[in-house]
Amino acid sequence: MSIITKTADLAAVCLRLARFPYVTVDTEFMRETTYWPKLCVIQLASPDEAVIIDALAPDLDLEPFFKLMADEQVIKVFHAARQDIEIVFHLGGLVPHPVFDTQVAAMVCGFGDSVSYDQLVQRLTGAKLDKSSRFTDWSRRPLTPRQQEYALADVTHLRDVFLSLSTRLDQQGRTEWVSEEMEILTSPKTYQMEPDSAWKRLKLRVRKPIELAVLQEVAAWREREAQSRDVPRGRVVKDDAIYEIAQQQPTTAQALGQLRTIPKGFERSRAAEDILAAVERAMALPKDALPKVPKARQTGNGTGAAVDLLKVLLKMTSESHGVAAKVIATVDDLEAIASDDEADVPALHGWRRELFGDAALKLKRGDMALAVRRNQVVTIDEAGRDPGAPH
């Protein structure tokens with residue numbers, strides 16, 4: 001089994017692959033000790049060949065691969081594409097397009113929430129994959145025969161999965177549903193790591209505007225530091241430390257060193273100076289410039305019970321239409337709908353509204369009810385008729 005290590009060979013392969021309407025794509029990477037994923041291996045397959053690319057080979061320029069990823073005439077097929085696309089975006093400065101994610105398609109076709117690749121392969125093709133190489137060290141060379149076999153299986157079986165799901169989507173009239181999801185997946189905004197937005201990744205354990213201001217400043221500093229040093233965020237400073245710094249707002253090295261979450265001696269480091277500077281920037285903000293603490297969505301005034309009813313309707317809709325519940329609506333969507341008929345949530349737009357959103361609003365308004373008949377939940381309209389048992 002040959003592995004591509006030269007730019008000329010990669011260019012030739014990518015030219016051959018570009019003749020087909022689709023290619024299947026997967027990557028193997030390491031991320032335990034870095035901020036940015038370290039790309040080790042790329043696997044590609046067309047309907048008539050499959051290749052392994054050694055992304056760590058010293059004489060390899062990945063430009064032909066990036067050109068293929070940008071080719072609008074070729075559908076790039078991934079399973080659970082987000083991390084693979086993040087790698088291409090970081091290294092190549094582009095988002096692959098057009099894209100087809102078989103995990104999303106599987107959820108739309110009734111295979112449950114976040115079905116794994118090996119489960120999907122087995123259910124659609126009958127093949128059982130050997131996943132023992134999943135967590136091996138992909139940066140070590142040479143790659144073992146078992147690693148190579150595992151890597152190729154991730155793109156060869158994906159061809160059959162893609163064709164099967166595409167046929168199902170077409171038969172069910174749901175191809176456009178998946179296309180809408182791919183628009184989000186292929187938006188550059190999805191992969192831009194903006195330090196000033198880093199605080200949004202943290203749980204909001206603050207109650208006062210000044211605490212949020214400190215949280216934002218320290219989280220932004222940590223993000224920039226992790227990116228520049230290419231280390232995981234937790235290697236710079238732990239989340240718990242950021243929470244405590246936001247609450248205590250230390251302004252001296254001594255005060256910082258007394259925090260429970262700060263390692264002994266850390267207060268004497270350059271990083272400690274940067275943190276104190278971040279705290280000072282937040283503390284210097286005028287009162288009217290402090291950020292507002294987002295209010296938790298309230299589920300009082302009877303909306304808690306409404307959310308529970310909407311969950312039953314969602315489960316019924318999911319089961320009767322064979323679409324994973326979390327693709328149709330999230331708990332946040334249900335809470336928003338319970339509070340506001342005009343809530344700007346995905347469940348009240350497009351195919352989701354047609355499938356679930358309109359019924360959810362009817363149920364909330366009392367224009368429709370739920371009942372159990374023959375051990376099944378059914379909808380009943382305001383005149384007491386059963387308009388079609390399960391929705």
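The values are calculated or read from the model by the stated rules, or taken from the named source; none is laboratory data. Only a predicted model underlies this, so the values are computations on that prediction, with no experimental measurement involved. Cβ: placed from backbone, ideal geometry, glycine included. Neighbour counts: every protein chain shown.
Evaluate the stretch 271-290: report whether one residue or more is under 30 Å from Glu335 (Cβ atoms) and in a loop (DSSP other than H, G, I, E, B). If you could, list the steps in order and put the result at the bottom.
As a first pass, look at the stretch 271-290 and keep what is under 30 Å from Glu335 (Cβ atoms): 290.
Adding the requirement that they be in a loop (DSSP other than H, G, I, E, B) leaves 290.
Scanning the stretch 271-290, I find at least one residue that is under 30 Å from Glu335 (Cβ atoms) and in a loop (DSSP other than H, G, I, E, B), so the answer is yes.
Within the stretch 330-382, track down each residue that is surrounded by fewer than 17 Cβ atoms within 10 Å (Cβ to Cβ) and in a strand (DSSP E or B).
If the condition is that a residue be surrounded by fewer than 17 Cβ atoms within 10 Å (Cβ to Cβ) and in a strand (DSSP E or B), then Ala369, Leu370, Ala371, Val372, Arg373, Gln376, Ile380, Asp381 are the ones that fit.
May I ask you to verify whether Ser187 is within 21 Å of Asp84 (Cα to Cα), among the small types (Gly, Ala, Ser) and free of Cβ contacts under 8 Å to residues at least 24 places away in the same chain?
no
Restricting the first residue to the stretch 210-227 and requiring it to be under 17 Å from Trp36 (Cα atoms) and modelled with pLDDT under 95, which pairs with a second residue that is among the basic types (Lys, Arg) and not in a helix (DSSP H, G or I) meet a Cβ separation below 9 Å and a spacing of at least six or different chains?
Matching pairs, first to second residue: none at all.
Given the criterion farther than 27 Å from Met193 by Cβ, over 26 Å from the mean Cα position of the chain (by Cα) and loosely packed, with under 15 Cβ neighbours inside 10 Å, identify the matching residue among Ala50, Ala12.
Ala12
Considering only the stretch 154-193, state which residues are within 22 Å of the chain's Cα centre (by Cα), assigned to a helix (DSSP H, G or I), surrounded by fewer than 18 Cβ atoms within 10 Å (Cβ to Cβ) and of a type in the set (A, V, I, L, M).
Ile184
Which ones in the stretch 70-84 are assigned to a helix (DSSP H, G or I) and closer than 23 Å to Arg19 by Cβ? Can you show your working first?
Step one: filter the stretch 70-84 for residues assigned to a helix (DSSP H, G or I), giving 82-84.
Within the stretch 70-84, just Asp84 meets the criteria.
Can you tell which of Ser166, Ser179 is of a type in the set (Ser, Thr, Tyr) and either at pLDDT below 95 or in contact with a Pro (Cβ under 7 Å, 6 or more places away or on another chain) (or both)?
Of Ser166, Ser179, the one residue that is of a type in the set (Ser, Thr, Tyr) and either at pLDDT below 95 or in contact with a Pro (Cβ under 7 Å, 6 or more places away or on another chain) (or both) is Ser179.
If only one of Thr7, Thr27 is more than 22 Å from Asp230 (Cα to Cα) and among the polar types (S, T, N, Q), which one is it?
Selected residue: Thr7, the only one of Thr7, Thr27 that is more than 22 Å from Asp230 (Cα to Cα) and among the polar types (S, T, N, Q).
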